[in-house]
Amino acid sequence: MTASTHHPGRADTAIRTRRTDRWWLPPLLTFLGLTAFVVYGVVRVFMNKWYWVGEYQYLAPFFSPCVTGGCVPGASHFGQWLPDLGILAPPVVVLPFVLGFRLTCYYYRKAYYRSFWLSPPACAVAEPHGSYTGERRFPLILQNSHRYFFYAAVPVASVLTYDVVIAFHGADGGFGVGLGTLILLVNVVLIWAYTLSCHSCRHIVGGRLTHFSRHPVRYWMWTQVSRMNARHMQLAWASLFSVAFADLYVALVASGAITDLRLFN
Amino acid sequence: MGYQAHFRVWRGDADSGALRDFRVEVNEGEVVLDVIHRLQATQCPDLAVRWNCKAGKCGSCSAEINGRPRLMCMTRMSTFAEDETVTVTPMRTFPLVRDLVTDVSYNYAKAREIPSFQPPADLAPGEYRMQQVDVQRSQEFRKCIECFLCQNTCHVVRDHEDNEQAFAGPRYLMRVAELEMHPLDTADRHQDAQTQHGLGFCNITKCCTEVCPEHIKITDNALIPLKERVADRRYDPLARLFRRRKE
Ligand code: SF4
Ligand code: SF4
Ligand code: FES
Ligand code: FES
C-alpha cells in the first residue's frame, strides 16, 4: 500500500511505513475488543430478560435504572415513569447517555479513530484517506459536548452505586453477600474511577484555572483527578470489561444457568 | 565485542533518492548516530547528517529508524539484534535537503505565528511575581528540545500536506497552551487556537506524545486541556454564561 498523497520534496513517501514491529496489533486488538462489547451489548439489550435476581436484589448494570413499564416487578427502584416501550427494551432510556459518554471520551476517540477509521492506524503509518479535516466540522465537532455527557455520567454512576448497596441482600431478606455483590461492587468502583478520571472532569474541577494558588481546594482536587487521569485508558478498558462481566453474571444467575456463590446469607 | 551490522541509509536530495546498503562495524555501547558517523568516516564522506550534542538535548539528530521517529543519538544499538537490518531515513514530513537532513523551516514559520508572551501593561520586567504551583504546568512544556519529532509524526500534516497552512502542529499548540496557562499572560488565546492554529485538526490520537524524547505528555497535558478551554468559550453555552477571565 502506498502513502495517501504524493509529497514532492519529501523523502521516502512511496512506502506506507518502514516500521518493522507489529504496529497493526494494538489497533486490531482495540477493534476486536470494542466490537465484542458492542455485539454483546446489542444482543443483551434485545434479549430483554434475565436482568433482575429478586432473591438477592441483583440488577444487571445494562438495565439500570429500569424505568419503563416493561420492567420486571421489583427491578424499578426509581419508579416507572415511562410506559412499556415494547420492542424498545428499558436500557434505551439511559443508553444514549452512557454510550455518548464513552463515544465522546478522549480516550475512546483515540481508540476508534485509530482502530476503526485508521486515522492513523499507528504512529508513522500512513492513513488510507485522501483528505482529513479532523474534529473541525459536523459531526465530529460535536465531540466538544463531552463535558455534558460527563455531567450525565455522575447520576448514572450514582444509580449503579445504589444498586450495589441494595445488592447486600440475603435470601432471608436481611443482610447478605454473594459473589454477585462483590462483582457489582468492583464494577461500580471501576465505573467511578473511569468517570472521575475523565479529562473534562479534570478541567472542570481545576484545570480551567490559571491561578492554582488562589484555589487550594480545587488545586488539590485537580491533583487527585490528574493522578487518576494518567490511568484513564486502563480504567476505560477495565470498566468496559467489568460492566459487561457484571451484566453477564447477573444474566446467568437470573436465567438459572448458574447459582450465585453465597459468602454470607 | 564489535560486529558488522547491515545498515540501510537514505541517500539523495529533494529530486530523487533511495536506500543504500552498507556493512558497518558496531561496538559495544554505541548508538545509531555513532554508526552513522563511522559510515561517514570510512565509506561515504559526503553523507549529510545533522547533529550537535550527542546527548539528546539539542534536538538536531531526528530521523526515522526502522520506521520509528527517534533521535539517532538516543537510540542504542543494543536494542537491535546483531543480524537485524537497521534502516535510517530522514524525517518524512519535511522537505529533504540531502541524505538525512531535512528543511525544518515549517516549524520556525509556525513558531512566529504565535503572539509572544504578553505581561500586564502595568508590570515592568523584573516585577513579575509568580507562585510555583501556577507555573508548574507550563514548565513541563519548557522541557521541549525542538527536535520536531512530534511535528514530523503528527498525521495531520504527515499524511496531508495540504493542512500545513492551517495547522500549527503539536509543538506549537503546546506553546499556545503554555502561554494560555501562564499566570501573567494577558492575551486571549482560545479563539486563535481554534481559528489560527488549527487545534480542531488534532484528533488526540497521541502520536506526538508517543515519539517525544522528553516524554512530555503533549496530548494529555497541553492539547486536551486546550480543547477543553476552547470548548468553554466556543461550544459550551453554560460555561460561557458563568465564565470569568483568568481565575
Ligand atoms: S494527538 Fe493531535 S497533535 Fe498529537 S499527533 Fe495526534 S493529531 Fe497530531
Ligand atoms: S514536544 Fe517533544 S517531540 Fe515535540 S519538538 Fe519538543 S521535544 Fe521534540
Ligand atoms: S470519559 Fe474519557 S475523557 Fe471523559
Ligand atoms: S545530537 Fe543532540 S539530540 Fe541528538
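Taking B:His215 as meeting all but one of (1) more than 8 Å from every other protein chain (Cβ to nearest Cβ); (2) on the phi < 0 side of the Ramachandran plot, write down the number of the exception.
Single failed check for B:His215: (2).
Do you know which residues across segment B:148-164 are within 12 Å of the chain's Cα centre (by Cα) and either polar (S, T, N, Q) or away from ligand 1 (no atom under 14 Å from the Cβ) (or both)?
Once the filter is applied, which keeps residues that are within 12 Å of the chain's Cα centre (by Cα) and either polar (S, T, N, Q) or away from ligand 1 (no atom under 14 Å from the Cβ) (or both), segment B:148-164 yields B:Gln151, B:Asn152, B:Thr153.
I need every pair where a residue in segment B:43-58 that is closer than 21 Å to B:Leu96 by Cβ has its Cβ under 9 Å from the Cβ of a residue that is within 16 Å of ligand 1 (Cβ to nearest atom), sequence separation at least 6 or different chains.
Taking only residues 6 or more apart or on different chains, the pairs are B:Arg50/B:Ser62; B:Cys58/B:Glu146; B:Cys58/B:Cys147.
Can you tell me which residue within segment B:97-146, out of those that are over 16 Å from the mean Cα position of the chain (by Cα), assigned to a helix (DSSP H, G or I) and in contact (Cβ under 8 Å) with a residue 40 or more places away in the chain, is farthest from ligand 1 (Cβ to nearest atom)?
The residue in question is B:Asp134.
Look at segment A:238-265 and say how many of its residues are crowded, with 17+ Cβ neighbours inside 10 Å and in contact with a Ser or Thr (Cβ under 9 Å, 6 or more places away or on another chain).
3
Provide a single number: the residues in segment B:179-202 that are touching a residue at least 40 places away in the same chain (Cβ under 8 Å) and either within 11 Å of ligand 2 (Cβ to nearest atom) or closer than 17 Å to B:Thr153 by Cα (or both).
Qualifying residue count, segment B:179-202: 3.
Is one or more of the residues making up segment A:95-111 crowded, with 17+ Cβ neighbours inside 10 Å and modelled with pLDDT under 95?
no
Hey, can you tell me all the residues within segment B:200-212 that are near ligand 1 (Cβ under 9 Å from one of its atoms) and either hydrophobic (A, V, I, L, M, F, W, C) or within 7 Å of chain A (Cβ to nearest Cβ) (or both)?
Residues satisfying the conditions are B:Phe201, B:Cys202, B:Asn203, B:Ile204, B:Thr205, B:Lys206, B:Cys207, B:Cys208, B:Glu210, B:Val211.
Would you please name the residue that is farthest from B:Asp122 (Cα to Cα), looking only at residues in segment B:207-220 that are buried (at least 23 other Cβ atoms within 10 Å of the Cβ) and away from ligand 4 (no atom under 16 Å from the Cβ)?
Among those residues, the one meeting the criterion is B:Cys207.
Residues that are more than 25 Å from A:Phe37 (Cα to Cα) and touching a His at 6+ places or on another chain (Cβ under 9 Å): does segment A:245-263 have at least one?
Scanning segment A:245-263 turns up no residue that is more than 25 Å from A:Phe37 (Cα to Cα) and touching a His at 6+ places or on another chain (Cβ under 9 Å).
If A:Leu82 meets every condition in (1) surrounded by fewer than 21 Cβ atoms within 10 Å (Cβ to Cβ); (2) among the hydrophobic types (A, V, I, L, M, F, W, C); (3) within 30 Å of B:Thr89 (Cβ to Cβ) apart from one, which number is that one?
All conditions are met except number (3).
Tell me whether segment B:43-57 contains one or more residues that are touching a Cys at 6+ places or on another chain (Cβ under 9 Å) and either exposed (fewer than 12 other Cβ atoms within 10 Å of the Cβ) or modelled with pLDDT under 95 (or both).
Yes, there is a match, as at least one residue in segment B:43-57 is touching a Cys at 6+ places or on another chain (Cβ under 9 Å) and either exposed (fewer than 12 other Cβ atoms within 10 Å of the Cβ) or modelled with pLDDT under 95 (or both).
Give segment B:51-95 a look and list any residue that's assigned to a loop (DSSP other than H, G, I, E, B), more than 22 Å from A:Val125 (Cβ to Cβ) and within 14 Å of ligand 2 (Cβ to nearest atom), or say none.
Matches in segment B:51-95: B:Cys53, B:Ala55, B:Gly56, B:Lys57, B:Cys58, B:Gly59, B:Ser60, B:Cys61.
Which of (1) within 14 Å of chain B (Cβ to nearest Cβ); (2) closer than 21 Å to A:Ser64 by Cβ; (3) out of contact with any Phe, Trp or Tyr (no Cβ under 6 Å at 6 or more places or on another chain); (4) in contact (Cβ under 8 Å) with a residue 24 or more places away in the chain is the odd one out, the single condition A:Ser242 does not satisfy?
(1)
Only one of A:Arg231, A:Arg208, A:Arg202 is within 12 Å of chain B (Cβ to nearest Cβ), without any contact (Cβ under 8 Å) to a residue 24 or more places away in the chain and among the basic types (Lys, Arg). Can you tell me which?
A:Arg208
The values are calculated or read from the model by the stated rules, or taken from the named source; none is laboratory data. What you see is a predicted model; the values in this text were computed from it and never measured. Please note: Cβ atoms are built from the backbone with ideal geometry, for glycine as well, and neighbour counts cover all protein chains shown.
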